[in-house]
Amino acid sequence: MNPAPTGLPLVDAEEVRSRISPSRARKLIEAALLDGFDPADDPARSHAAAGDGHLLLMPSTLGGWVGVKIASVSPDNPGRGLPRIQAVYMLMDARTLTPRLLVDGVTLTSLRTPATSAVAADRLAAPDATRLVVFGNGPQAISHTVAIAEIRDLTSVRLVGRTPHKVEEALTALAGHGITAEAGTSADVADADIVVCATSAAEPLFDGSLVRDGACVVAIGSHEPDRRELDAALMGRSLVVVEERGAALRECGDVVLAIGDGTITAEELVGLAPLVRGEEHRRTDRPNVFKGSGMSWQDLAVAVGVAPTG
């Protein structure tokens, strides 16, 4: 741990990953919900125009801790050789709101997003699920594959992407995690037990009628109400689980657009907390969809795990 320019301890990306494994991140997310936290209490993510892009501000409170993630989104950064999204997380104690720790926010996001998906998928996928199809070839596609491999004994992993050399790079990265995977196509959805969508797509990635009853579909590609990875027909015939209903209606295009198309209603949405607490259960007579957009409490739940004890 190195001091930041502010004098606060800074936990960089390497140290975050050394302290928080994907498995521990999943358990921290799960524990927050089992301890009674209600995601509806989380403040809404706020957006603010800034420079050539915008800022995302994500505050939350869990027990004795308060935290806020400040993420910058600069669409032109890839052309400059810089990340499109950069972030820092500040952890404070809830009693005095004194800043205690700065944490690399990008790494935190890369851990909490697949951890949340894995918490949902562990309850929505069949216990004997073995076949995984992942749409995407970026960091979230890779980290989601690793997270799903920790909750199920996978015998088949296929990555679907538009750019062959990027898919190959992702396959090589997965091999480094001990996961054997191969390139796939959207038709592979028909045989999949679990499907993960981790793309920047604005339109559905595949024909939702291909998804079998009892299968689990995870969609985490965007937090924008006008973009979706899943078609309305799939949403309409599925059990749909969201992190929290209000957040889904604000930010989840897969949900918002399906409601607009008349295939599902807001009242039919199931929250992640009731699912984790055993008040709701997966269905075998229809697909099971988890749509996540990322919420502030998830960052805080994992960031607390980085904080020194004692």
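Coordinate-derived values only; no laboratory data. All figures in this text were calculated on a predicted structure; none of them were measured in a lab. FYI the Cβ positions are ideal-geometry reconstructions off the backbone, even for glycines, and counts take in every protein chain you see.
Taking N as the number of residues in segment 215-310, what value does Rg over Cα atoms divided by 2.2 N^0.38 Å take?
Working: Rg = 14.5 Å, N = 96, 2.2 N^0.38 = 12.5 Å.
Segment 215-310 yields a ratio of 1.16.
Other residues whose C-beta falls under 10 angstrom from the C-beta of R131 contribute a net charge of -1, scoring Lys and Arg +1 and Asp and Glu -1. The phi-based Karplus calculation (6.51 cos²θ - 1.76 cosθ + 1.60; θ = phi - 60°) puts the 3J(HN,Hα) values of segment 277-284 at 7, x, 7, 10, 9, 4, 10, 9 Hz, whole numbers, x for Gly and Pro.
Rounded, prolate or oblate: which fits segment 116-297, taking a ≥ b ≥ c as square roots of the Cα gyration tensor eigenvalues, rounded meaning a/c under 1.5, else prolate when a/b beats b/c? Before the final figure, lay out each step's value.
Details: a/c = 1.60, a/b = 1.39, b/c = 1.16.
Because a/c hits 1.5 or more and a/b exceeds b/c, segment 116-297 counts as prolate.
Length gained on full extension, T130 to R80, computed as 0.36 nm times the residue gap minus the Cα-Cα distance: 13.9 nm. Alpha-carbon geometry of segment 256-310: the Rg and the Dmax are 16.0, 53 Å, given in that order. Along its first, second and third principal axes, ordered by size, segment 49-122 spans 42, 36, 18 Å in Cα coordinates.
Under 26 Å Cα-Cα from K69, which lysines qualify once same-chain neighbours fewer than 8 residues away are excluded? The qualifying lysines are K27, K291. Here the Karplus relation 6.51 cos²θ - 1.76 cosθ + 1.60, evaluated at θ = phi - 60°, turns the backbone of segment 246-258 into coupling constants of x, 5, 5, 6, 7, 10, 9, x, 4, 7, 4, 6, 5 Hz, with x for every Gly and Pro.
Here the chain is assigned +1 on the Cβ of each Lys and Arg and -1 on the Cβ of each Asp and Glu. Its dipole about the Cα centre then comes out at about 500 debye. Compared with the dominant principal axis of the Cα atoms in the chain, helix 164-176 is inclined by about 70°. Shape summary: segment 15-86 maps onto an equivalent ellipsoid whose semi-axes, from the alpha-carbon gyration tensor, are 29, 18, 9 Å in decreasing order.
Tally Lys/Arg at +1 and Asp/Glu at -1 over every other residue whose Cβ is under 14 Å from the Cβ of S186; what's the total?
Details: positive: R158, R162; negative: D188, D191, E203, D207, E229, D231.
Net local charge, S186 excluded: -4.
Modelled label positions at A307 and R95, each set 7 Å beyond Cα in the direction of Cβ, lie 1.1 nm from each other. Evaluated at q = 0.07, 0.08, 0.10 Å⁻¹, a Debye calculation over the C-alpha positions of the chain (equal weights, vacuum) places log10 I(q)/I(0) at -0.25, -0.33, -0.53. Where both bridge residues fall in the chain, DSSP classifies roughly 55% of the beta bridges as antiparallel.
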